[in-house]
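The values are calculated or read from the model by the stated rules, or taken from the named source; none is laboratory data. Bear in mind the structure is a predicted one, so any value in this text is a computation, not a measurement. Using ideal geometry, Cβ is built from the backbone for each residue, glycine included, and neighbour counts are taken over all protein chains shown. Just the protein is used for accessible areas: all its heavy atoms, side chains included, with ligands, DNA and RNA removed. Shrake-Rupley method; radii C 1.70, N 1.55, O 1.52, S 1.80 Å.
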Amino acid sequence: KLTDIIYGFLQVLVIYYLAKHKLGIVVHSAGIRDKDAGYLFIGKSGVGKSTSARIWDMHAKVRVLNDDRVIIRKEGRRFFIYGTPWHGDYSDYLKISLEKATLNKMFFIYHREKNYAGKLSLRDNFNLLFQSSFSPFWDKESLEFVSHFLLDAAMNVSCYHLGFKNDEKVINYVRSLK
């Protein structure tokens with residue numbers, strides 16, 4: 001359908017525009033605003049981004065910014081996350097928010113029988129972020145911006161790998177991480 005072509009083209013256009021004008025990047029993640037904290041739950045399709053969005057939406061007073069594609073921008077020394085209109089399986093349009101949140105923590109997620117998180121090395125942070133970002137590989141200058149931006153984020157935002165059980169206990173677990 002023509003609408004599918006336009007939908008996909010607009011995503012690529014936004015990804016390129018943000019990078020070309022050094023405004024930010026798009027990451028394959030769910031974004032949550034929990035009061036003053038912003039969390040990204042990052043990963044490939046099927047790892048639990050939409051599941052995470054549903055858990056947080058049903059069991060915590062949060063705003064789901066998006067469950068599949070989130071924009072990260074830097075303003076001054078702080079990183080912020082923004083929702084986009086491109087959602088994943090969590091398609092409750094009334095609950096997806098285009099507002100922003102300060103980015104406090106990033107989680108590279110996977111399913112597990114018990115909640116478990118661990119800090120990642122700078123190298124792992126960068127590699128996992130790069131794999132999960134939507135980069136304009138056809139434009140060297142934009143790709144360099146994305147690479148530098150991701151390194152800056154990896155160095156300045158707490159990053160964890162997070163194995164989570166599909167229940168609401170993960171909320172307090174994530175909130176308690178320092």
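Just for the range 1-53: of the residues that are in a strand (DSSP E or B) and of a type in the set (Val, Ile, Thr), which one is farthest from Ser135 (Cα to Cα)?
Among those residues, the one meeting the criterion is Ile32.
Search the range 66-85 for residues that are farther than 11 Å from His28 by Cβ and pair each with any residue that is open to solvent by 70 Å² or more (accessible area, probe 1.4 Å) and outside any strand (DSSP E or B) when their beta-carbon atoms are under 6 Å apart and the residues are at least 6 apart or on different chains.
Gly83/Leu98
Out of all the residues in the range 55-81, which are of a type outside the set (A, V, I, L, M) and under 18 Å from Cys159 (Cβ atoms)?
Arg73, Lys74, Arg77, Arg78, Phe79, Phe80
Quick check on my filter: what residues within the range 54-66 are assigned to a helix (DSSP H, G or I) and aliphatic (A, V, I, L, M)?
Ile55, Met58
Yes or no, residue by residue, for (1) more than 16 Å from Gly24 (Cα to Cα); (2) of a type in the set (D, E, K, R):
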residue: Glu99; (1), (2): no, yes
residue: Phe108; (1), (2): yes, no
residue: Lys119; (1), (2): yes, yes
residue: Phe130; (1), (2): no, no
residue: Glu141; (1), (2): no, yes
residue: Phe145; (1), (2): no, no
residue: Asp152; (1), (2): no, yes
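So, in the range 33-65, exactly how many residues are open to solvent by 70 Å² or more (accessible area, probe 1.4 Å), without any contact (Cβ under 8 Å) to a residue 60 or more places away in the chain and among the charged types (D, E, K, R)?
Selection size over the range 33-65: 4.
Pick out the one residue from Leu151, Leu120, Leu143, Leu128 that is closer than 27 Å to Gln11 by Cβ and crowded, with 16+ Cβ neighbours inside 10 Å.
Leu128
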